[in-house]
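The values are calculated or read from the model by the stated rules, or taken from the named source; none is laboratory data. None of the values given here were measured: they were computed from a predicted structure. So basically every Cβ, Gly included, is an ideal-geometry build from the backbone, and we count neighbours across all protein chains shown. All accessible areas refer to the heavy atoms of the entire protein, side chains included, with ligands and DNA or RNA removed. Shrake-Rupley method; radii C 1.70, N 1.55, O 1.52, S 1.80 Å.
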Amino acid sequence: MPVNKEDISIARQYPGKARQLRLLIAAAAVLLAIGLVAPIITLEKFILIENTFSVVSGVIQLLEEGHWFLFFVISCFSIVLPVLKLGVLYLLVARRLSAKERLHQYLHWMHLYGKWSMLDVFVVAILVVAVKLGAIAHVEMRYGLYAFAASVLITMFITARIVFLTRGDRR
């Protein structure tokens with residue numbers, strides 16, 4: 001089967017690195033899932049009242065309380081966009097793209113979104129404040145926050161690695 005010179009495939013050009021990237025994408029997806037549903041914070045008020053929140057439970061609570069704007073922003077930046085980014089990264093690593101233009105378009109969007117990646121963690125911090133932080137409260141960070149942050153960092157690493165590979169940098 002003849003290979004079109006315009007066809008681009010990280011998997012074909014760098015099979016070992018593509019396998020590593022797919023494993024990292026899977027790890028980032030698992031960490032993201034854990035980070036979304038696992039407790040990210042526990043608030044203890046007056047020693048007797050304790051509330052534990054995950055990103056998903058916090059978003060649901062914002063929806064139930066009618067905080068539409070915060071619900072929309074947090075849902076988009078902390079749930080929808082990270083899932084979409086992992087999906088696009090997987091497509092970039094696993095599939096053959098028909099033209100360099102398409103690859104560069106995907107990479108351009110990943111680069112633009114990459115600038116906003118740490119906003120995911122910032123949005124989680126906003127969620128913490130938005131979800132009933134009382135006047136007197138003890139705040140304890142939970143493992144979900146660390147899993148979520150690790151997913152963001154791994155995703156940023158994968159994006160940078162794909163950019164290097166598509167530029168022919170084999171580091």
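In the stretch 40-67, what count of residues is obtained for those that are more than 17 Å from the chain's Cα centre (by Cα) and open to solvent by 10 Å² or more (accessible area, probe 1.4 Å)?
18
Being assigned to a loop (DSSP other than H, G, I, E, B) and modelled with pLDDT under 70 is the filter here, so list the residues in the stretch 78-123 that pass it. Give the derivation first.
Of all residues in the stretch 78-123, those assigned to a loop (DSSP other than H, G, I, E, B) come to 95-96, 98-99, 115-118.
Across the stretch 78-123, the qualifying residues are 96, 98, 99, 115, 116, 117, 118.
Just name the residue that is modelled with the highest pLDDT out of those in the stretch 134-158 that are hydroxyl-bearing (Ser, Thr, Tyr) and buried (at least 20 other Cβ atoms within 10 Å of the Cβ).
Residues of the stretch 134-158 hydroxyl-bearing (Ser, Thr, Tyr): 143, 146, 151, 155.
Those still in the list that are buried (at least 20 other Cβ atoms within 10 Å of the Cβ) too: 151, 155.
Numbers: 151: 91, 155: 88.
Step by step, filter the stretch 134-158, then rank; the result is 151.
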